[in-house]
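All of the numbers you see were taken from the coordinates with simple rules; none came from a lab. Just so it is clear, the model here is predicted, and its values are computed rather than measured. Glycine gets a Cβ as well: all are built from the backbone with ideal geometry, and neighbour counts include every protein chain shown.
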């Protein structure tokens, strides 16, 4: 019995010691996974991309909101279409108020097969007032090589409306000159691309960085085998496909895309001077500096003063302008930022002296000019 009690006591002690350790390990793993990103979100396979398609077409069935009679290309397009259908008309007798000329755009996805449906976007190119209620006539969509890859047709979805009277005014919701057709185009030609039996692939990073590309390479080699991935430069990797995966390259790519890597970023501060937006990167560091920032406010008030002559005195009433100028200089404290301060410490310090986003722009420019900013300052 004493031995059994000692064993239970030992188990309880071990349980109390191991539980916090396991919790600490779980917390550490969670923290690491928060900063990591999937390789599919960091890079893409060369050659596997979308292709842009565009075409010119006509939207018909509008309620008097189409192009005006002076839009010659709409009239000519309608006449050509009718001639192609065997209907001969004089273009001088054609009214196009129920017709609008449009440009149709779409994206052909990688591995898009004949018969598959894709979405299209329709945008007016004439002086139509609205595309509400219209129907897009059959429009060939061409690639940059001039070949037709899809055909678009169907009723458009505008997502808005307009209502008004003859006296003017009215109510308008959303934009009325751009519309979409969900699955409105049918793919008629495929872009040849085969993955099986390939010996290698090229992967390109969205944001080239030597540290990130090396981490991606090491992660792939740890999972897929040595010498599978090799970094060529800061934004490109070469993937040698193992013999066992050459008959199923799609699975090989899928296994790589789900791997997680912690990307590295350049220390950068991005400033949008037009909107006053300031974005500060995680790795920004600042050497020891003392900062003070104050504003000079000049207020000018204009008023009109009326002067009248005294009773029974000769003279006339006059109006004279009066100008009052007031100058106020805001007091500011001197703030010392220690060397190697992090982004959190910098933000808390700047908030302490009550700076606005506009003030931050001037402060960061001054810090960079002093040589104390260990980061790139980009003004857009």
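With a Förster radius of 30 Å applied to the beta-carbon distance between residue 379 and residue 221, the computed FRET efficiency rounds to 0.15. Per-residue Cβ neighbour counts within 10 Å put 77, 200 in the sequence 200, 77, beginning with the fewest. For the range 195-261, evaluate the Debye formula with one uniform point scatterer on each Cα (no solvent term) and list log10 I(q)/I(0) at q = 0.26, 0.29 Å⁻¹, rounded to two decimals. Debye intensities relative to I(0), on a log10 scale: -1.19, -1.39. Per-residue extension of 0.36 nm, minus the Cα-Cα distance of residue 50 and residue 257, leaves a gain of 72.7 nm for this segment. The value of relative contact order for the range 195-261, using C-alpha pairs under 8 Å at least six residues apart, is 42 percent. A simple spin-label model places the labels of residue 40 and residue 238 2.7 nm from each other, with each point 7 Å out along Cα-to-Cβ. If the chain linking residue 198 and residue 277 were pulled fully straight, counting 0.36 nm for each residue of separation and taking away their Cα-Cα distance, it would gain 23.8 nm. Spin-label model, residue 153 to residue 69: label points 7 Å out along the Cα-to-beta-carbon direction sit 3.1 nm apart. Hey, quick one: spin label on residue 358, modelled 7 Å out along Cα-Cβ, who in the range 270-291 has an amide N within reach, i.e. under 14 Å? Correct set: 273-277.
Computed extension length for residue 348-residue 82: 88.8 nm, one decimal, from 0.36 nm per residue of separation with the Cα-Cα distance subtracted. Of 379, 367, the sequence from fewest to most neighbouring Cβ atoms within 10 angstrom is 379, 367.
Could you list 224, 138, 81 in order of exposure, starting from the residue whose Cβ has the fewest other Cβ atoms within 10 Å?
Final ranking by Cβ density, sparse to dense: 138, 81, 224.
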